[in-house]
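Every number here is computed from the coordinates shown, using simple stated rules; none is lab data. All figures in this text were calculated on a predicted structure; none of them were measured in a lab. Don't worry about glycine lacking a Cβ; one is built from the backbone with ideal geometry, like all the others, and counts go over all protein chains shown.
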Amino acid sequence: MKGLIFVELLSMAETLLGEDAVDKVLNSTPLPSGGVYTNVGYYNCGELIQLVEAFSTLSGLARHELERKFGHWAMDAFQSGYPQIFKKYKTAFDLLEAIEDDIHVEVRKLYPDAELPSFRTMRNGDTTLDLEYRSERPLVHFCHGLVESCLRKYEENAHIEMNDISQGEKGHARFRIDLIMEIDDD
């Protein structure tokens, strides 16, 4: 797994819990990397799960809630690091539909060894998008946070229904995203 994700998790944890708490987790959690991450390095996803669980315990947040929060944090980092992607698409649905065939293609050009999840989408009219997420990693709640944050970036409100159908260490979820259209009272 790309080191950027680890670096961002530690950054979020430091903001939420403080530097001492992050040091405590890194010093008390047996991590093959020793808890030292770089943006360009690759690390085992198991370490990320260990860190999420440790920060969850320390913060008192359920693991799935911390993962969702991290999805929001990561989307902010993606927007800061790659603003041109967000400018390229007019709506959240447009961006979500482009992940597999456009955004991931560009990611693979930069990082040929990247192990990316798959996203399959299907629009059901103008206001509903079905998204299927599959990953070798158990991070469906992280994905949920990314989807929520993507909608916020485009200032769109939606009801998101997630059906987690993961098995074992793999992540698999289906999302139904229904835009909430504002009614014009004129």
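Just a few scattered comments:
- Kyte-Doolittle mean at least -1.0, axial Cα span of 15 Å or more - DSSP H helices of the chain: 3-17, 45-59, 140-153
- Within the straight-line cut-off of under 17 Å between alpha carbons, the aspartates and glutamates reachable from K109 are E100, D101, sequence neighbours fewer than 8 places apart in one chain being disregarded.
- Too-long pairs where the Cα-Cα distance tops 27 Å, listed order kept, from K87/K170; K24/K153; K2/K153; K2/K88: K87/K170; K24/K153
- Over region 23-93: Kirkwood hydrodynamic radius from C-alpha pairwise inverse distances, Å: 14.2
- Spatially proximal aspartates and glutamates relative to K69 (Cα-Cα < 13 Å; intrachain offsets below 8 disregarded): E8, E148
- About the centre of its Cα atoms, the chain shows a dipole size close to 600 debye [charges on the beta carbon of Lys, Arg (+1) and Asp, Glu (-1) only; nearest 20 debye].
- Global geometry of region 89-179, whether rounded, prolate or oblate, following the gyration tensor of its Cα atoms and the 1.5 cut on a/c: oblate
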